[in-house]
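The values are calculated or read from the model by the stated rules, or taken from the named source; none is laboratory data. What you are looking at is a predicted structure, and each value in this text was computed from that prediction instead of being measured. Virtual Cβ from ideal backbone geometry, glycine too; neighbours counted across all protein chains shown. Accessible surface areas use protein heavy atoms only, side chains included; no ligands, DNA or RNA. Shrake-Rupley method; radii C 1.70, N 1.55, O 1.52, S 1.80 Å.
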Amino acid sequence: MSVLPVGAFDGALTTVFSVAIALPITMIVALMAALTVAAEAAGAASSLVRSAGRSARAVPPVVTGCAVAVIAAASGATSIIGITVLALFIACLPAAAATLVETFNSRYARRRLYAAAAAGASPRYIALAVHIRGSVRLIGAVALRTAARMCVETAAIVVALAGVAGAFTGGPALTNIVAPHAPFAVVQFFASAADPDAPVVAWRAIALVALVLAMHAASRLIEGEPHESLSRA
Amino acid sequence: MTGLAERLIITSGRLCAWLVVFAPVSVVAVIAYAAMEVRDRPADISYVAPIAMTVVIAAVAAAVGGGLGAALAFASAELGQPRLARVVRMCIAVLRSVPPLVLGWLAWLIIMPTTYSLGAKTPPQTWVLVAAAITVLAVLVVPPSFAAVLHALDRVPEEIRAAAAASGASRVQVAFQVLVPLVERTLWAAIAMGFARAAGEATAVTLVFIAGAFFQWPLAGVALGTSLTGAAAAGSSGDLLLLGQAAAAGLVLTSFGFVAVLVANRFDRRIAWT
């Protein structure tokens, strides 16, 4: 197995670009879906969106990556960032939407909603002020956790990129996805497989853990202690 | 806001809701289509051994990781001191932050060389790889299982604990004779969801099995996720055969996931699997 050239920050830019594109799209779609479900305007989709987070666990990221590879290979797409964004979007959307639905349907959010409706608030006020402004910290926390997941998502992107590279160029495909064009986690995956003893692999692993830990800590800081835990204490 | 704009927003919201629902469905549809496209062509890779291996590894990892997560949740919420509970929760939070990619690499660094130095260098030693994969997957299952059982314990009314304590039950008796039966269904659901999580994990397991290749150990019957990754990567120019075969493996993997989620829903529909 050949050793891939790996620098400490190889792939970081691709990850930043991909997450910068995929995260807003994912959050906007998830937010719109969650608001519609909370307003009981989604019809038959309501119950399905509520359980989407759990049902989507049945489809592993590696399978999502395979589907993205098939779509990209069939359509002739070769952009690494485009394929990465699509894989991240499909992999993270159901969980983000289900969490937001849960947030907007919590006891406290419902109480605010009923109070606003009883006071004669318009649907626009309920959507913007009651749901979004009232839960802005929780929405921020969900966004941070989704970003953390996107930064370290590997299986979906590896299979998607490797599948496309294999379909188009022939031969051993892994070397076609060279650093620094692939996302950080993907470069790290191939580096870990090729040269696990290398110090740079260790530093990159520490960077990944630190990044996720910082994002999770920030999301916890933003959302505060859950009400249920406070009531038990 | 005009009625038209309001209707436009509601319609786009409905579209987004259906997009959320159809995202996983479309994934399954695409891989089913890809698998059907190559169904008449002879398979280059046999997936029988990987399927059996995946079921074994995922089942053991889910049982071990799910049980450990539940035990830690009980210990921190019901049995331990508040300071110990805080330490356990902090450790779980740190563990949750370790990506599977890093866990697989750590397995390479810790488990493999240790086993190698203990004398397990003569092939075949597939069991060492399987044990390493189970360990890594069990570690991945612990945090969500911990969160699920902790959430279930939070839902148990305080009055039940107080009533049991007033009847003279000790904390251990309350935990084992009152709370365990109450959250038992959540525990089974957590194990089922853990199976789905472990069966679908590819990154960490792939790194573990690649580590075996370094030692010239046999990789026959490696997990399905690993086979899928390899098949997707090994396609040749313009030939989607291996990608189609990977899609077939993906269908099997997804069916495992669906069965596991159905079983979990049967036990506890409100399980907080985060």
Principal axis dimensions, the stretch B:45-267 - Cα atoms, whole angstrom, descending
71, 40, 26
What spacing in nm lies between the two simple spin-label points modelled at A:ALA129 and B:PHE176, each 7 Å away from Cα in the Cβ direction?
5.6
Contour minus Cα-Cα distance for B:TRP127 and B:VAL259 (0.36 nm per residue)
44.8 nm
Counting just the Cα atoms, what span does the protein assembly as shown cover along each of its three principal axes? Round to the nearest Å and put the largest first.
67, 65, 44
Distance between Cα centroids, the stretch B:57-97 to the stretch B:1-26: provide it in whole Å.
39
Computed accessible area, B:MET90, all protein chains, 1.4 angstrom probe, square angstrom:
130
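Summed for both chains, how many Å² of accessible area, to the nearest 100, are buried between A and B with a 1.4 Å probe? Could the numbers behind the result be given before it?
Numbers: alone 12370 and 15320 Å², together 22260 Å².
Summed over both sides, the interface buries about 5400 Å².
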Given springs between every Cα pair under 10 Å in a Gaussian network model of chain B, which of B:ILE51, B:ILE110, B:ILE134 has the largest fluctuation?
B:ILE110
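Using only the Cα atoms, what convex hull volume per residue in Å³ does the stretch A:1-140 have?
Values: hull volume 21.6 nm³, N = 140.
Residue-normalised Cα hull volume stands at 154 Å³.
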Comparing the chain by itself with all protein chains present, which residues of the stretch A:56-80 are at least 30 Å² less accessible (probe 1.4 Å)?
A:ARG57, A:ALA58, A:VAL59, A:PRO60, A:VAL62, A:VAL63, A:CYS66, A:ALA67, A:VAL70
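Leaving out ligands and nucleic acids, and using a 1.4 Å probe, what accessible area per residue does the protein assembly as shown come to in Å²? Could the numbers behind the result be given before it?
Numbers: 22260 Å² over 507 residues.
So the protein assembly as shown comes to 44 Å² accessible per residue, rounded to a whole number.
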In whole percent, how big is the carbon plus sulfur part of the accessible area of the protein assembly as shown, probe 1.4 Å, protein atoms only?
69
Taking the Cα-to-Cβ direction at B:SER46 and at A:ASP195 and moving 7 Å from each Cα, how far apart do the two end points lie in nm?
3.8
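By the scheme Lys and Arg +1, Asp and Glu -1, what is the net charge of all other residues having a beta-carbon under 12 Å from that of A:ILE132? Spell out each step's value before the answer.
On the way: positive: A:ARG112, A:ARG124, A:ARG133, A:ARG137; negative: none.
Charge balance in the 12 Å sphere: +4.
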Accessible surface of B:ARG155 in the full protein assembly, 1.4 angstrom probe, to the nearest 10 Å²?
80
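Is it possible to state the helix-based mean residue ellipticity at 222 nm for chain B, with each DSSP H run of 4+ residues giving -39500 (n - 2.57), the sum divided by total residues, to the nearest 500 deg cm²/dmol? What is it?
Details: 10 runs with 204 residues, N = 274.
Rounded to the nearest 500, the figure is -25500 deg cm²/dmol.
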Taking the simple approach of a point 7 Å from Cα along Cα-to-Cβ for both A:ALA210 and B:VAL55, what is their distance in nm?
4.5
Chain B: most fluctuating residue of B:VAL263, B:VAL183, B:VAL87 per GNM, C-alpha cutoff 10 Å
B:VAL87
When the helix-only estimate is applied to chain A (DSSP H runs of n ≥ 4, each -39,500 (n - 2.57), divided by the residue count), what is the mean residue ellipticity at 222 nm, nearest 500 deg cm²/dmol?
-23000 deg cm²/dmol
